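Only the coordinates and a few stated rules stand behind these numbers; no lab work does. The model shown is predicted, which means the values in this text are computed figures rather than measured ones. No Cβ is skipped: glycine too gets one built from the backbone with ideal geometry, and neighbour counts run over all protein chains shown.
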Amino acid sequence: MYIRKDGYYRLAKQRGYRSRASFKLIQLNHSYGIIHKNDNALDIGASPGGWMQVTIDIIGRRGTAVGIDVLEIPAINAANAVTIKGDINDPAVRQKAVHAIGRRFDVVLSDLSLNLTGDASSDAVRHLSMAGSILSFLPELLKEGGNFLIKLFYSNESKMFLKQAGRYFETVYTTKPKASRSSSSELYMAGKGFIANGVKKP
Ligand SMILES: C[S@@+](CC[C@H](N)C(=O)[O-])C[C@H]1O[C@@H](n2cnc3c(N)ncnc32)[C@H](O)[C@@H]1O
């Protein structure tokens, strides 16, 4: 089957990024300032490592980027990159990630995608249920005041997720970066200023 290679695909090759998804993170971070220099960042669903490459460029040598994926994440040539093969639903895998830096993360990213069945509405619902699980893991992964970025797929139910997630952040943004294919219903939610107990200060 012939797959048309788009501009971001070619640009990723030119710049040495492992996936065109790298440009989504570059654009999202440029707009919303989610990751900062010296941050410790957790990347959920990180393989093949395009977001990790971008994250390492932003955090510099003093921060650490930890990536988790059920698939192997090909080794990243940076002393401050840690890769973990495992399922984010597994408490031991989450513990290993926190253990790698000895505290909760400054920023948690999730570009996680499930294997698609082809039924768009059931795929969206399955993805949202996974997103709900990731949200419930944040108190053990993300420091108070930290930032969060997650991929969602647009559906009526995604609005409910955004409402629920909104309680746990000072500010929430939803957006579709330019590098996201227009044919895809994906969107990203950025939450800034994590509030673990969900109670905003008056
Ligand atoms: C779109 S890819 C991520 C691409 C990545 N952001 C990059 O730039 O290279 C989504 C990833 O989510 C992973 N994934 C799916 N379910 C997962 C789970 N339960 N735990 C960890 N990773 C998972 C998949 O294996 C896949 O590699």
Beyond 23 Å, how much of the Cα-Cα pair distribution for region 1-89 remains, as a whole percent? 23 percent
Fraction of antiparallel bridges per DSSP, the chain only, in percent to nearest 5: 40 percent
Around Val108, which amide H atoms from residues at least 5 apart in sequence, or from another chain, sit under 5 Å from its own amide H, with H modelled in the peptide plane? Leu42, Asn147, Phe148, Leu149
Among Thr171, Thr64, Thr83, which comes first, then next, by fewest other beta-carbon atoms within 10 Å? Thr171, Thr83, Thr64
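Using Cα pairs under 8 angstrom and six or more residues apart, how large is the relative contact order of region 21-194, in percent?
Working: 331 pairs, mean separation 36.4, N = 174.
Result for region 21-194 is 21 percent.
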Cross-link pairs Lys143/Lys201; Lys13/Lys178; Lys85/Lys163 - those with Cα-Cα distance over 26 Å: Lys85/Lys163
For region 67-137 and region 1-60, what is the separation of their C-alpha centers, rounded to whole Å? 16 Å
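Percent of Cα-Cα pairs more than 26 Å apart in the chain, please.
Working: 5836 of 20301 pairs.
Above the 26 Å cut-off, the chain has 29 percent of its Cα pairs.
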Are there any trypsin sites (Lys or Arg not before Pro) in region 5-41 that are in a DSSP loop and have at most 12 other Cβ atoms within 10 Å? List them by number. Lys5, Lys37
